[in-house]
1. At L49 and S96, where each label point lies 7 Å from the Cα along Cα→Cβ, what is the point-to-point distance in nanometres?
2. In the structure shown, do any of K74/K137; K94/K140; K74/K140; K76/K140 have a Cα-Cα gap over 18 Å, and if so which?
3. Would you pull out the residues with amide H under 5 Å of T73's amide H, same chain only if 5 or more places away, H placed 1.01 Å from N?
Amino acid sequence: MKFVIKYLPILFCTLFIFTACNKEATQPDNNDLPQTKSKQTLDCNITYLTSTFKEMTVGNTVTASIRGGRVDTKVKTFSYNISNATNANRTYLKISGFDDGCSCYSPSDDANGCKRLVIKDKYGNVVLNTLCQPVDKFVKISGTQFSVILNVPCWIGGSSEVNIEAMDW
């Protein structure tokens with residue numbers, strides 16, 4: 001009897017391993033899985049908008065804003081030229097007021113993820129890429145031209161804005 005009690009758990013484990021290893025893995029049916037928020041937002045259309053090229057001067061603040069919608073994800077590009085910069089090699093932008101009181105995380109390539117602010121210099125280099133979070137910082141740009149891209153996903157809606165002040169030192 002001691003022999004049976006001692007080796008019975010080993011026998012059960014061995015049988016379990018043999019039966020579990022001989023089964024083929026099956027993929028779950030995606031229709032049975034609950035949809036997550038990110039899966040639901042993939043159905044949103046993306047609307048790309050572009051503003052006209054705008055002039056701004058050193059020391060002045062401009063506000064780039066976009067009003068989102070519940071149907072489409074809105075992505076709007078604003079283009080600016082700083083007309084009176086004394087030194088194009090030392091042009092900085094003071095960025096402030098981007099969606100205070102909001103936080104979110106999504107992959108950088110997901111347009112339907114979070115509110116996003118992207119600033120590029122005139123060569124297309126990204127100098128700032130931030131998700132929906134309060135931001136108050138200085139970024140250096142090459143030259144006197146730059147673009148601002150605001151993204152408002154359809155599931156968030158509402159509006160998004162950022163204040164930009166041009167400076168040169």
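1. Label at L49, label at S96, 2.5 nm between them.
2. Details: K74/K137 24 Å; K94/K140 9 Å; K74/K140 27 Å; K76/K140 22 Å.
Result: K74/K137; K74/K140; K76/K140 exceed 18 Å.
3. Here N45, I46, T47, C154 satisfy the definition.
Quick note: the coordinates plus some simple rules give every number you see, no bench work behind them. Everything quoted here is computed from the prediction, not taken from an experiment. Note that we place each Cβ from the backbone using ideal geometry, even for glycine, and neighbour counts take in every protein chain shown.
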